[in-house]
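*Asks:* Shown below is the structure under consideration.
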Amino acid sequence: MAVTLGQKAPDFTVNSTQGPITLSNYKGKWVLLFSHPADFTPVCTTEFMAFSESYEDFKKLGVELIGLSVDSIYSHIAWLKDIKEKYGIEVPFPVLADLDREVATEFNLLDPKVGTTVRGVFIIDPNQVVRWMIYYPAETGRNIKEILRVIKALQFNWANKLATGANWEPGDSGIASAPGTLKDALAREKEAGAERWYLKRVKV
């Protein structure tokens with residue numbers, strides 16, 4: 001059964017461009033696991049350069065990046081070497097060579113028509129629970145700024161137990177959970193920051 005939102009991420013051990021990677025070894029850290037259709041493809045190349053250029057932004061948030069496709073380790077090495085030689089960008093994170101399609105199958109990342117991985121993104125929290133998942137079409141590159149924004153929102157929720165509203169950015173108010181009883185709803189209306197009984201903004 002493929003992984004679902006809010007479920008513990010299935011563990012795996014797979015070879016990568018930086019040696020074997022075991023997901024459970026990352027317990028206690030935030031992880032961004034993302035897949036790409038294939039090495040030496042145009043959109044994927046722009047994404048890997050963009051992820052690499054924003055690598056320090058992810059590190060400041062305590063996020064470990066892990067790339068993935070079903071290409072071989074030698075294909076990965078040749079592609080990352082080509083990116084370094086042609087663009088001067090060194091890819092600093094490991095890229096899984098999921099030849100057995102173990103991870104791709106568990107995370108529902110296989111395109112059945114062509115047998116390659118799709119353009120997926122998973123954010124896994126320190127308890128190794130999948131907190132966010134999104135799939136992009138093959139012809140559409142990912143927005144790194146939006147991925148960073150979502151990570152910041154999830155970490156805000158993690159630290160403050162508050163949700164975040166539409167277009168939330170760091171520094172914006174959080175949103176308290178809606179009351180579950182009539183008594184609490186009536187009390188909520190009198191609280192500071194309560195716009196409605198079901199909507200209360202909280203400045204942190």
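Since every read-out is calculated from the coordinates, none of them should be taken as a lab result. Computed from a predicted model, the values in this text were never measured in an experiment. Here Cβ is always computed from backbone atoms with ideal geometry, including for glycine, and neighbour counts include all displayed protein chains.
*Asks:* Quick one: net charge of T117's neighbours, Cβ under 14 Å, K/R +1, D/E -1?
*Replies:* -4
*Asks:* Further question on the same structure: Once amide H atoms are placed 1.01 Å from N in the peptide plane, what residues at a sequence separation of 5 or more from I21, or on another chain, have their amide H within under 5 Å of its amide H?
*Replies:* Distant-sequence amide H within range of I21: V14, N15, S16.
*Asks:* With the dipole of the chain worked out from charges on the C-beta (+1 for Lys and Arg, -1 for Asp and Glu) around the Cα centre, which of L110, H76, S54 lies farthest toward the positive end?
*Replies:* Highest projection toward the positive end goes to S54.
*Asks:* For mean projected area of the Cα convex hull in nm², several values are listed as (i) 15.3; (ii) 11.6; (iii) 13.1; flag the one computed from this structure.
*Replies:* This structure yields the entry labelled (iii).
*Asks:* Cross-link partners among lysines for K203, C-alpha distance below 27 Å, same-chain residues fewer than 8 apart left out?
*Replies:* Straight-distance partners of K203: K29, K59, K60, K145, K152, K161, K183, K190.
*Asks:* Another question, if that's okay. Say we join alpha carbon atoms closer than 10 Å with springs in a Gaussian network model of the chain; which of S75, S35, S16 then has the biggest fluctuation?
*Replies:* It is S75.
*Asks:* Sum up the charges of everything whose Cβ sits under 11 Å from the Cβ of A9, counting Lys and Arg as +1 and Asp and Glu as -1, but leave A9 out.
*Replies:* 0
*Asks:* What distance in nm separates the two pseudo spin-label positions at L99 and T140, each 7 Å out from Cα along the beta-carbon direction?
*Replies:* 3.4 nm
*Asks:* If you don't mind, there's one more thing I want to ask. Using modelled amide H (1.01 Å from N, peptide plane; none on Pro or chain starts), what sits under 5 Å from the amide H of L65, excluding residues fewer than 5 places away?
*Replies:* For L65, whose amide H was placed from the backbone, the distant partners under 5 Å are L32.
*Asks:* In addition: Quick one: what are the phi-derived ³J(HN,Hα) couplings along the range 134-151, Karplus 6.51/-1.76/1.60 with θ = phi - 60°, whole Hz, x for glycine and proline?
*Replies:* Result, rounded to whole Hz: 8, 10, 10, x, 4, 8, 10, x, 7, 9, 5, 4, 5, 4, 5, 5, 5, 4.
*Asks:* Once amide H atoms are placed 1.01 Å from N in the peptide plane, what residues at a sequence separation of 5 or more from V129, or on another chain, have their amide H within under 5 Å of its amide H?
*Replies:* Distant-sequence amide H within range of V129: A9.
*Asks:* Could you work out the local net charge near A176, counting Lys and Arg as +1, Asp and Glu as -1, over the other residues with Cβ closer than 12 Å to its Cβ?
*Replies:* Values: positive: K161, R188, R196, K200, R201, K203; negative: D184, E191, E195.
Summing Lys/Arg as +1 and Asp/Glu as -1 gives +3.
*Asks:* Something else now. Identify which of G28, G180, G67 has the largest mean-square fluctuation in a Gaussian network model of the chain, with springs joining Cα atoms closer than 10 Å.
*Replies:* Looking only at G28, G180, G67, the largest GNM fluctuation is found for G180.
*Asks:* To the nearest 20 debye, what charge dipole does the range 3-128 have about its Cα centre, counting +1 at the Cβ of each Lys and Arg and -1 at the Cβ of each Asp and Glu?
*Replies:* 160 debye
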